[in-house]
1. Hey, what do the phi angles of region 17-30 turn into as Karplus ³J(HN,Hα) couplings, whole Hz, using 6.51/-1.76/1.60 and θ = phi - 60°, x for Gly and Pro?
2. Just the accessible area per residue of region 1-126, please: how many Å² with a 1.4 Å probe?
3. Using a 1.4 angstrom probe with every protein chain in place, what is the largest-first accessible-area order of LYS71, LYS145, LYS163?
4. Can you put LEU234, LEU36 in order of accessible area, largest first, using a 1.4 Å probe?
5. Run the quick spin-label model on LEU238 and THR200: label points 7 Å from Cα toward the beta carbon, then report their separation in nm to one decimal.
6. With a point put 7 Å past each Cα toward its Cβ, work out how far TYR291 is from ILE276 in nm, to one decimal.
7. In terms of modelled amide H atoms, which long-range or inter-chain residues lie less than 5 Å from the amide H of VAL199?
8. Roughly speaking, what is the stretch gain from ARG308 to ASP192, that is 0.36 nm per residue apart minus the C-alpha to C-alpha distance, in nm to one decimal?
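The values are calculated or read from the model by the stated rules, or taken from the named source; none is laboratory data. What you see is a predicted model, and the numbers here were worked out from it, not measured in a lab. Cβ placement follows ideal geometry from the backbone for every residue including glycine, while neighbour counts extend to all protein chains displayed. In case anyone asks, the SASA skips ligands and DNA or RNA and just uses the protein heavy atoms, side chains included. Shrake-Rupley method; radii C 1.70, N 1.55, O 1.52, S 1.80 Å.
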Amino acid sequence: MTAVSSPPTLTVVIPVYNAEATIGRLVDALLASPPLPHTDVVLVNDGSRDGSHRECLACCDRHPGRVTYLKLAKNFGEHSAVMAGLCQSAGEYVVIMDDDFQNPPAEAARLVETAVAGGYDVVYGAFREKCHHPLRNWGSAFHDKVATWLLGKPPHLYLSSFKCLSRFVVDRIIDYAGPSPYVDGLILRVTDNIAQVMVTHCQRQTGRSGYTLWKLVRLWLTMFVNFSVAPLRLSAVLGLAVSAFGLVMAAWSLLEKLFGVDVPTGWTTLYVTVVIFAGIQLVMLGLLGEYVGRGLLEANRAPQFVVREVHGGGETGGREPRRW
């Protein structure tokens with residue numbers, strides 16, 4: 001008699017930031033018709049300043065044994081909050097989704113079904129039409145191009161925050177303990193067995209995105225510095241190019257002298273040349289400083305996240321989150 005395999009377990013990780021108006025309804029919708037029969041939810045409150053803490057506690061009370069709630073000591077950023085949730089997860093598959101209903105709960109099932117049917121390590125949700133502000137969409141397009149160059153991402157793959165990870169991938173990326181994680185960079189370090197599914201992207205029901213321009217810049221810097229040495233190689237190439245330009249100009253000046261060409265010297269040429277080369281030097285020094293500074297933070301064991309409180313508990317348990 002052939003044994004019937006049981007369906008895999010699933011953990012849904014949701015980083016929560018100022019989601020008082022939506023998080024309760026989102027958890028209720030997920031657990032009312034879960035993507036898999038054995039589904040639990042991990043909520044990670046990333047320093048919210050509204051009533052999200054109260055709503056997350058209410059979710060634990062309404063769904064005992066199925067919701068785990070982690071309250072972080074301060075705002076560490078979305079990717080650190082996701083890492084905290086991944087450390088607590090124990091499902092055979094983990095879906096990461098936003099807290100604002102821009103990722104419809106029903107679409108999570110499609111990610112899991114694709115991962116299980118195709119044996120994929122990761123399945124990303126690619127949006128048919130993004131409902132972000134045009135400037136945010138432009139920033140995402142820039143981020144996508146840079147990730148393709150720096151991280152070796154396949155050009156057709158869209159790195160969205162809505163994704164499904166296998167336990168194989170989760171167990172490996174949570175070993176990273178650096179203070180500035182970038183989840184997609186860690187994924188691309190581990191596997192290339194990746195697929196994507198077209199999903200719906202909805203308008204935010206309430207509030208506004210927590211991603212400011214400065215936070216996006218910090219995320220780009222993390223991708224540049226923590227997950228690639230390409231900027232250092234670019235600086236070396238740029239230095240060689242500038243040196244070659246200087247040699248060409250020196251040879252040109254020498255030829256002018258040899259052939260008696262009368263070339264008046266000007267303040268503008270000198271000023272522009274000095275400013276350009278000084279700017280290049282400062283940029284390269286700043287880049288080196290960024291590498292050194294991040295290395296210092298990691299050497300000093302700056303925390304990736306700090307968990308202040310843990311409430312509830314999922315069906316499948318989970319490891320104790322790292323504390324500091």
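1. The phi angles translate into 9, 6, 10, 3, 7, 10, 5, x, 5, 5, 5, 4, 5, 5 Hz.
2. Details: 4470 Å² over 126 residues.
Accessible area per residue: 35 Å².
3. Heavy-atom accessible area, descending, gives LYS145, LYS71, LYS163.
4. LEU234, LEU36
5. About 4.5 nm separates the two model spin labels.
6. Going by the 7 Å Cα→Cβ label model, 2.5 nm.
7. The list, which skips near neighbours in sequence, is ALA126, PHE127, ARG128.
8. 38.2 nm
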